[in-house]
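**Q** This structure is in structure tokens; I'll ask about it shortly.
The values are calculated or read from the model by the stated rules, or taken from the named source; none is laboratory data. This one's a predicted model, so the numbers in the text were calculated from it and none came from an experiment. Here Cβ is always computed from backbone atoms with ideal geometry, including for glycine, and neighbour counts include all displayed protein chains. The protein model used for the area step is the full one, side chains on, heavy atoms only, and it has no ligands, DNA or RNA in it. Shrake-Rupley method; radii C 1.70, N 1.55, O 1.52, S 1.80 Å.
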Amino acid sequence: MKNNINSISVVILVGGVGSRFSSFNKPPKQLSKLNKNLILINILNNFKKFGFNHFIFPLGAKKDFFINFFNSKKNIKKYKFNILKKNFKEKEIKPDKLNISLFNAGENTKKLMRITKSLNYTKNQDLLVTYGDDLANVNLKALVNKYQSLNKKKAIVTICKKNSQYGHLLVNKSGLVKKFIEKPPHQHPINIGFYLLSKKILITYKKNNFELENNFLPVLAKHKLLSSYEHKGYFYSINDKKELINAKNKLKNL
């Protein structure tokens, strides 16, 4: 299993403006402290725990913050970064380090195009794509096992069943409340990312005007090429300061 995981590069999407979290001249949310560590380092360490060792960052807005962070001598030593050049050789991948490829994908570049441009920074045939502002304890070994069982003929999206954050009411036609339901489960699961796909599927079905969630994934679903993996652990999306505080309170061991 380790060899299979080592043959998958991880693309981490961090190119957004993140205006709900901070202004343009302030550090991005991914470099904010969670509890014991930064959000981004928590994400990287979780991947590293499962054996992933190559991470690609297609940068956009706030790119200078990430460039300075990864190239800092202090951080290279502290987090054991190994910064790779574009056309690196296989022997340059260090198994005991976090091997990082980063490049400027453009400030207004759509997510799908960022992923496509990332192909220039890996020789691996499979990609695991995730968002840089989501925290989830996904069993990545089980996710890869499912992907391998499909013989890479399908892409995978990770889903999670979630309860509503509100109490719901059942009301009759006259407005009389018949029943109160405290935070019921949503009818359909949510998409939490962690996409596993091959270069072949990406190149075959992408188009320059496609966006990842609105166009590309629906096209894969239409062609019966999109499978799902259900995550049953925690999931927190950090879009603003309030959500960061909530994640801090819930994930005190991180």
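**Q** Above 22 Å lies some portion of the pair distances; for the range 1-133, what is it as a whole percent of all C-alpha pairs?
**A** Details: 2837 of 8778 pairs.
So the portion of pairs separated by more than 22 Å is 32 percent.
**Q** I would also like to ask the following. Roughly how much of H223 is accessible, in Å² to the nearest 10, using a 1.4 Å probe?
**A** 100 Å²
**Q** Over its Cα atoms, what ratio of radius of gyration to 2.2 N^0.38 Å does the range 149-254 give?
**A** With N residues counted in the range 149-254, Rg over 2.2 N^0.38 Å equals 1.45.
**Q** Rank K241, K73, K63 by accessible area, highest first, at a 1.4 Å probe radius?
**A** The most accessible residue leads, giving K73, K241, K63.
**Q** So for the chain: antiparallel DSSP bridges make up what percent, rounded to the nearest 5?
**A** 40 percent
**Q** P(r) of the chain in 10 Å steps, Cα pairs, percent per bin?
**A** The calculated distribution, bin by bin, is 6, 28, 36, 20, 6, 2, 1, 0.
**Q** Would you calculate a helix-derived [θ] at 222 nm for the chain, using -39,500 (n - 2.57) for each DSSP H run of n ≥ 4 and dividing by the full residue count, to the nearest 500?
**A** -8000 deg cm²/dmol
**Q** Averaging over every viewing direction, what projected area does the convex hull of the Cα atoms of the range 51-106 cover, in nm²?
**A** So the Cα hull casts an average projection of 4.1 nm².
**Q** Sticking with this structure for a sec: If you take every residue apart from S164 with its C-beta less than 14 Å away from the C-beta of S164, what net charge results, scoring Lys and Arg +1 and Asp and Glu -1?
**A** +2
**Q** Then there's this: Where the accessible area of the chain is counted over protein heavy atoms with a 1.4 Å probe, how much of it, in %, is carbon and sulfur?
**A** 50 percent
**Q** Taking Rh as the Kirkwood radius, which is the inverse of the mean 1/r over Cα pairs, what is the Rg/Rh value for the range 72-166? Each step should come with its number before you reach the end.
**A** On the way: Rg = 16.5 Å, Rh = 16.5 Å.
Answer for the range 72-166: 1.00.
**Q** Identify all lysines with a Cα-Cα distance to K153 below 21 Å; exclude those on the same chain that are fewer than 8 residues away in sequence.
**A** Cα-Cα hits under 21 Å: K2, K123, K141, K199, K200, K206, K207, K222, K224.
**Q** With the other protein chains left in place, how much accessible area per residue, in square angstrom, belongs to the chain at a 1.4 angstrom probe?
**A** 55 Å²
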